[in-house]
Amino acid sequence: MVAAVSKGPRNLITDVAGLRVGNAQDDHIKTGTTVLVGDKPFTASVHVMGGAPGTKETDLLAPDKTVEQVDALVLSGGSAFGLDACSGVMDGLRAMRRGFAIGDIRIPIVPGAIIFDLINGGAKDWGENPYRALGREALTSASEQFAIGTAGAGTGAMAAMQKGGLGSASLTLADGTTVGALVVVNALGSVTTPGDRHFWAAPFEIDGEFGGAGPDPNAGHVTSEPSRKEHAMMQQATQGANTTIAIVATDAPLSKVQCHRLAVTAHDGMARAIVPSHTPLDGDLVFGVSTGAGTPVDQTHFREIAAAAATCLARAIARGAYEATSAPGDIIPTYRELNG
């Protein structure tokens, strides 16, 4: 059982000490990039459960690989084009003289993951890949405060029934440990039960953070209604354009192996908040991060941290959709448009 005292003061992943988040977006294209960067390198791993991921440098994060820590993580729109945002972040970190040292050379370690947002009502007629510049801009803007909803990598995101977005949430455990989540919601599945009003994540909501509608009083739901997103996109003969990508983090000292297990457990939160999730047409993945130093926590404490991470991720997913705002050219409505 999670011994949670409350959500953190910002209710953002940056309640985890030493982390900052930066957003950059292009509203004409309806896309953007989000960067998580630490004041210093942090331990990280990843777990992929979707059938169609798009990633860069994630092999390095396997528990048996040499690199223990990374300098930043990138979440981006743009499908494969968006992976170039990692290069922009690397450029910025190199200018700061940050990175994995090999002799006199420093190589910033910047894994990343992308969503498909190329068909969302925005113009995609760029002449030069815009994501490298967006990545560097996002790094430059990194702060403890950042926007969620239609912002950064969530700018062009869509869930099944309404616009998705960038979400975040945090918890402080009884012993003072902080856990947080950051997510881009662009799922094949729905974040709301049939009728668009109630979030699947409603049992985990704190202080009306995504509208306070509460759990759906109707029981027996197996899946959501026919997808507005799929219908709109199939007008252009498109499928397989989905993914929810996330980061969960804690200030507790975790080993790389524990960061991997943290990511695995956090997928439970994704499954609670999106129905269906982890489909063959989603690229669902979670990065697990620790900023703490020292002896890794014992298994009892780790169990509480991992459970809290799953809860934070479920809440962050609902917040991402709840905070989405409408924009010219949108092909599906926002949650608030559907609910007055």
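Computed from the coordinates by the stated procedures, all read-outs in this text should not be read as laboratory data. Owing to the predicted nature of the structure, the values given are computational and were not obtained by experimental measurement. Reconstructed Cβ throughout: ideal geometry from the backbone, glycine too, with neighbour counts over all protein chains shown.
Calculate one ³J(HN,Hα) per residue across the range 147-158 by plugging θ = phi - 60° into the Karplus curve 6.51 cos²θ - 1.76 cosθ + 1.60, and present them in order as whole Hz with x for glycine and proline.
Along the range 147-158, the couplings run 7, 10, x, 7, 7, x, 5, x, 4, x, 6, 9 Hz.
List the lysines whose Cα sits under 28 Å from the Cα of residue 40, skipping any in the same chain fewer than 8 residues away.
Residue 40 reaches 7, 56, 65, 256.
Please work out how much length the chain gains when fully extended from residue 299 to residue 6, using 0.36 nm per residue of separation minus the C-alpha to C-alpha distance, in nm with one decimal.
Result for the pair: 103.2 nm of gain on full extension.
Tabulate in residue order the Karplus-calculated ³J(HN,Hα) for the range 22-32, using 6.51 cos²θ - 1.76 cosθ + 1.60 with θ = phi - 60°, rounded to whole Hz; enter x for Gly and Pro.
x, 10, 9, 8, 10, 6, 5, 7, 6, 7, x
Contour minus end-to-end for residue 80 and residue 39, with contour as 0.36 nm per residue of separation and end-to-end as the Cα-Cα distance?
Fully extending the segment from residue 80 to residue 39 adds 11.9 nm.
For the range 1-100, just run the numbers: alpha carbon Rg, then divide by 2.2 N^0.38 Å, N being how many residues it has.
That ratio works out to 1.21.
For residue 325 and residue 197 in one chain, what is 0.36 nm times their gap in residues minus the Cα-Cα distance, to one decimal in nm?
So the chain would gain 44.5 nm between residue 325 and residue 197.
Estimate the FRET efficiency between residue 97 and residue 337 by the formula 1/(1 + (r/R0)^6), using the beta-carbon distance for r and 51 Å for R0, to the nearest 0.05.
0.65
What order, most packed first, do the peptides 137-148, 273-284 have when packing is the mean number of other Cβ atoms within 10 Å of each residue?
Ranked by mean Cβ neighbours within 10 Å, highest first: 273-284, 137-148.
Please report the Cα spread of the range 6-338 along all three principal axes, rounded to whole Å, starting with the longest.
Largest first, the range 6-338 extends 56, 51, 32 Å along its Cα principal axes.
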